[in-house]
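Worksheet: one structure, shown below.
The values are calculated or read from the model by the stated rules, or taken from the named source; none is laboratory data. Because the structure is predicted, anything quoted here is derived from the model rather than measured. Here the Cβ is made from the backbone with ideal geometry for all residues, glycine too, and neighbour counts use every protein chain on show. In case anyone asks, the SASA skips ligands and DNA or RNA and just uses the protein heavy atoms, side chains included. Shrake-Rupley method; radii C 1.70, N 1.55, O 1.52, S 1.80 Å.
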Amino acid sequence: MTILVTGGSCSGKSSFAERLMARLDGAPRIYLATLRAQDAESRARVARHRAQRAQGGYRTVECPMDLQGAPVEAGASVLLEDLPNLLANEMFDGGDWTRIGGALAGLAGRCANLVIVTGDVFADGARYEESTEAYRAALARLGAQAAAMADAVYEVVAGIPVCVKGEEACVLFTRC
């Protein structure tokens, strides 16, 4: 099963994704961490996320780039946290972001379960400089691709998950 979880910054999407993972069968459980801790704020976020998953039985794989090369064995349950960071790393640190879509599809094909966390960076309606707009357009394309291949899509709003695709699959997780 592939599930996409989206929402705004600090919406509770990561916590919800971890609750989903706790309800999915499949071993081993792998956490693909994409954030590069480069300042105090990002180090605090990484520490908070590590604490959240400490009791979840995850094997953490640091994967800031090259999702295709991530060491994920067939049949695993995988939490990819998160698509916006992975894309930014690939686009702005010399990677090849055009391979992310294919890597997502490949990962979904070999996992028992895949939960992809992404973010809503579009709600403000503002226009930004060219490179930021290119990033937002690429994230929109990747989000649409992930949603199309997902069995279920949730948007987390103020900590409340709302099922927007896959009602049958969403029924399984109504108490998450």
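For this structure, a couple of remarks:
- A Förster distance of 41 Å, applied to the separation of the beta-carbon atoms of Ala148 and Ala54, puts the FRET efficiency at 0.80.
- Full extension of the chain between Gln68 and Ser9 gives 18.6 nm of extra length, using 0.36 nm per residue less the Cα-Cα distance.
- Computed with a 1.4 Å probe over protein heavy atoms only, the accessible area of Ser9 comes to about 100 Å².
- Proximal charge balance of Gly101 [Cβ under 15 Å; K/R count +1, D/E count -1]: -1
- Model label sites at Asp93 and Ala123, defined 7 Å from Cα along the beta-carbon direction, differ in position by 2.7 nm.
- Percent of beta bridges antiparallel (DSSP, the chain, rounded to nearest 5): 15
- The simple spin-label model puts a point 7 Å past each Cα toward its Cβ; for Arg45 and Val162 those points are separated by 2.3 nm.
- Longest site-free stretch - the chain; sites: GluC sites (Glu not before Pro), DSSP loop, at most 13 other Cβ within 10 Å: 1-72
- Amide H to amide H, with H built 1.01 Å from N, Val78 comes under 5 Å of Ile30, Asn113, Leu114, Val115, counting only residues 5 or more places away or on other chains.
- GNM flexibility winner over the chain from Ala126, Ala70, Ala37 (Cα, springs under 10 Å): Ala126
- Shape box of the range 85-176 [Cα atoms, principal axes, largest first, Å]: 41, 33, 17
- Kirkwood estimate for the chain, i.e. one over the average of 1/r between Cα atoms, Å: 16.3
- Positive minus negative residues near Tyr135 (Lys, Arg vs Asp, Glu; Cβ under 12 Å): -2
- Phi-based couplings in Hz for the range 145-157 (Karplus 6.51, -1.76, 1.60; Gly and Pro marked x): 5, 5, 5, 5, 8, 6, 6, 9, 10, 10, 10, 9, 10
- Net charge of the neighbourhood of Pro64, taken over other residues with C-beta under 10 Å away and scored Lys/Arg +1, Asp/Glu -1, is -3.
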